[in-house]
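Working notes, structure below.
All of the numbers you see were taken from the coordinates with simple rules; none came from a lab. None of the values given here were measured: they were computed from a predicted structure. Cβ atoms come from the backbone with ideal geometry, glycine included; neighbour counts cover every protein chain shown.
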C-alpha cells in the first residue's frame, strides 16, 4: 500500500567497534568518534528513517550517541557462531532504528521488534546479512517499493540484492500479479 510519498531510508552495518582492524584491516571504526559521525550523518541525511547494526558489547556505548526517539530491535540468531571461552554466547544482535513510515493502520500487519534468522555462511565477507533479516528490516522501516534505500556499507552486496528482490516481490503483489 503506497501513501504516494517517496522517502529516503538507509541502513548502516559498519565494522563493529573494536573489531574493525581485526576483521577488516582498517581501524577507522575502532574509534567511537567514527560511529558518532556516522550516526550524525544518518540522522541528518535520512530523516525519514534509518537502521544501524552493532554488537551487544557496544550497545551501552553507542546508544547514548543516538537521538532520543530511536528504538532498539533484535536480530535473534538460532544458529550462531559460538566462540571458545564466551558463555553465554552472543546469539542476538541489536539494531537501532530511527523513524520509518508511521503510523501504520490497523489493517496492516504488525511488525515485531525482533526477527529470528540464522547467520550467513560462506559469503566471503564477515558479517554479511541474511535475506530474512533484510526483509524484516524493510518492514520495520515501512519502506515501499518506490522509496530510495541506501546501504551505507555494501560489503558483500547482500542487503542491496535483498532490497532489489523484496522490491520486485512487493510490486508484484501490489499489482495483483501474484
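Angle check, please: helix 131-141 long axis (alpha carbons) against the longest principal axis of the chain (alpha carbons), in degrees 0 to 90, nearest 10.
In the chain, helix 131-141 runs at an angle near 60 degrees to the longest axis.
Classify segment 37-90: rounded, prolate or oblate, from the alpha-carbon gyration tensor (a ≥ b ≥ c, eigenvalue square roots; a/c under 1.5 rounded; otherwise prolate if a/b is larger than b/c)? Let's see the in-between values first.
Working: a/c = 2.94, a/b = 2.26, b/c = 1.30.
Because a/c hits 1.5 or more and a/b exceeds b/c, segment 37-90 counts as prolate.
Over the chain, what is the mean sequence separation of C-alpha contacts under 8 Å (at least six apart), divided by residue count, expressed as relative contact order in percent? Provide the component values of the computation, followed by the final result.
Details: 266 pairs, mean separation 44.1, N = 178.
25 percent.
Express in % the proportion of alpha carbon pairs of segment 1-88 at distances exceeding 20 Å. Present the calculation step by step, with values, prior to reporting the outcome.
Values: 1738 of 3828 pairs.
More than 20 Å apart: 45 percent of the Cα pairs in segment 1-88.
Quick one: angle between helix 32-45 and the longest Cα principal axis of the chain, in degrees between 0 and 90, rounded to 10, please.
The angle comes out near 10 degrees.
What is the gain in length, in nm to one decimal, between residue 58 and residue 114 on full extension, counting 0.36 nm per residue of separation less the C-alpha to C-alpha distance? Show your work: numbers first, answer last.
Numbers: separation 56, 0.36 × 56 = 20.16 nm, distance 1.86 nm.
Residue separation times 0.36 nm, minus the Cα-Cα distance, leaves 18.3 nm.
Under a crude label model (7 Å from the Cα following the beta-carbon direction), how far is residue 40 from residue 23 in nanometres?
2.5 nm
Would you please give the FRET efficiency between residue 161 and residue 89, computed as 1/(1 + (r/R0)^6) with r the Cβ-Cβ distance and R0 = 25 Å, to the nearest 0.05?
On the way: r = 28 Å, r/R0 = 1.13.
Efficiency for this residue pair is about 0.35.
At 0.36 nm per residue, and after removing the present C-alpha to C-alpha distance, how many nm does the segment from residue 121 to residue 81 gain when stretched out fully?
Value of the extension gain: 13.4 nm.
To test your reading of the geometry: what angle, between 0 and 90 degrees and rounded to tens, separates the Cα axis of helix 158-174 from the longest principal axis of the chain?
20 degrees
How much mean residue ellipticity at 222 nm does the chain get from its helices, if each DSSP H run of length 4 or more adds -39500 (n - 2.57) and you divide by all residues, to the nearest 500 deg cm²/dmol?
On the way: 5 runs with 51 residues, N = 178.
Calculated from helices alone, the mean residue ellipticity at 222 nm is -8500 deg cm²/dmol.
When percent of Cα pairs over 29 Å apart is calculated directly from the model, which label among (1) 20; (2) 42; (3) 30 fits?
It is the value labelled (1).
Just to confirm my numbers, what's the Cα centroid distance between segment 94-161 and segment 19-34 in Å?
About 23 Å separates the Cα centre of segment 94-161 from the one of segment 19-34.
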